[in-house]
Amino acid sequence: MQWATERTHRREYFYSGLLTDVEAATEIRLFGIGAFLRARMMAERERGNRAEQRMSGANWPSRAASPR
């Protein structure tokens with residue numbers, strides 16, 4: 001069932017690399033898209049967490065539901 005979360009993990013890895021790449025930093029700053037890319041990466045992480053929770057049968061609270 002690992003294949004069910006593979007796409008999410010690949011996309012999360014892509015955004016993580018993009019946000020930490022020195023060469024990409026110039027364009028990210030130029031276009032002001034850092035917050036956008038980070039939000040997309042976090043959305044992928046949340047999606048991956050939910051999929052893993054469903055597969056494991058765990059009843060963990062999501063980050064969005066936790067008090068801040």
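The values are calculated or read from the model by the stated rules, or taken from the named source; none is laboratory data. Just so you know, these numbers come straight off a predicted model, no measurement behind them. Remember, those area values only see protein heavy atoms, side chains included, never the ligands or the DNA or RNA. Shrake-Rupley method; radii C 1.70, N 1.55, O 1.52, S 1.80 Å.
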*Could you check, for region 18-40, whether at least one of its residues is open to solvent by less than 50 Å² (accessible area, probe 1.4 Å) and among the acidic types (Asp, Glu)?*
no
*May I ask you to list the residues in region 20-59 that are outside any helix (DSSP H, G or I) and either within 11 Å of THR5 (Cα to Cα) or at pLDDT 85 or above (or both)?*
ASP21, GLY32, ILE33
